[in-house]
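One structure below.
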Amino acid sequence: MPMELESPKDIVVLGVGNTIHCDDGFGVHALSRLEDHPRLPAGVTLIDGGTRGLELLADVYDCSRLMLLDAVDIGEQPGTMRRLAGDELRGLTSGSNVHQLGVADLLNTLPLVSDIEREIVLLGVQPESTDWGTELTPTVEAAIGPLVEQAVDQLNAWTQEAN
């Protein structure tokens, strides 16, 4: 039986990552930058998911559109951005991101607790280092601006589709 909330969220942006492991904190840093973006459409719910893993189900199970911001190990050069959606997300494995229980686990569990048809987009960047540290590497830091612009464009497209 699906979980119940008082009011459904239509568009949710979830930034995930561990901010004490250098580039693993990318999603959280990107979310912070997105929060202050002048073109961020009204009504979008922004959530700093940190390293909460499956606890995030309660935050996203009732949205119709979900955007994830994360560091994703795609075997590319550090700082490489990647947009994954639809069937591309089905192939995402737990080892694709640098968290223990991460985005793949969340996405695989979501249909078990919610019947809502949702569009999901993951905007990720290849990390350079996940060693101890609170700063992003310069290569990954440089990817935040372009990725946030891509996020804003997608959010505005979703908002226009809803109207």
Item checked: Scan of the stretch 17-38 for residues that are modelled with pLDDT of 95 or more and within 27 Å of residue 116 (Cβ to Cβ), ordered by number -> 27, 28, 30, 31, 34, 35, 37
Next item on the list: Could you tell me whether any residue of the stretch 102-118 is surrounded by fewer than 21 Cβ atoms within 10 Å (Cβ to Cβ), under 13 Å from the mean Cα position of the chain (by Cα), at pLDDT below 95 and of a type in the set (Gly, Ala, Ser)?
Entry: yes
Notebook entry, point to check: Which residues, counting only those in the stretch 130-141, are surrounded by 17 or more Cβ atoms within 10 Å (Cβ to Cβ) and over 20 Å from residue 83 (Cβ atoms)?
Noted result: 130, 137
Notebook entry, point to check: Within the stretch 142-153, how many residues turn out to be surrounded by 19 or more Cβ atoms within 10 Å (Cβ to Cβ) and within 13 Å of residue 12 (Cα to Cα)?
Noted result: 1
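Filter the stretch 34-47 down to the residues that are outside any loop (DSSP other than H, G, I, E, B) and surrounded by fewer than 16 Cβ atoms within 10 Å (Cβ to Cβ) and list them by number.
We begin by selecting, within the stretch 34-47, every residue outside any loop (DSSP other than H, G, I, E, B); these are 34-35, 45-47.
Correct list: 35, 45.
Test residue 88 against the criterion of being surrounded by fewer than 18 Cβ atoms within 10 Å (Cβ to Cβ) and at pLDDT 90 or above, and give yes or no. Before the answer, list the steps.
Working: surrounded by fewer than 18 Cβ atoms within 10 Å (Cβ to Cβ): yes; at pLDDT 90 or above: no.
So residue 88 does not fit the description; no.
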Next item on the list: Restricting attention to helices (runs of 4 or more DSSP H) lying wholly within the stretch 52-161, give those where 2 or more residues are aliphatic (A, V, I, L, M).
Entry: 57-60, 103-113
Margin query: Which pairs turn up if I take residues in the stretch 144-163 that are under 16 Å from residue 71 (Cβ atoms) and look for partners that are aromatic (Phe, Trp, Tyr) with beta carbon separation below 8 Å, at least 6 apart in sequence or on another chain?
Written below: 144/26
Item checked: The one condition in (1) surrounded by fewer than 18 Cβ atoms within 10 Å (Cβ to Cβ); (2) modelled with pLDDT under 95 that residue 81 fails to fulfil -> (2)
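The values are calculated or read from the model by the stated rules, or taken from the named source; none is laboratory data. What you see is a predicted model, and the numbers here were worked out from it, not measured in a lab. With ideal geometry, Cβ positions are generated from the backbone for all residues, glycine too; neighbour counts draw on all protein chains shown.
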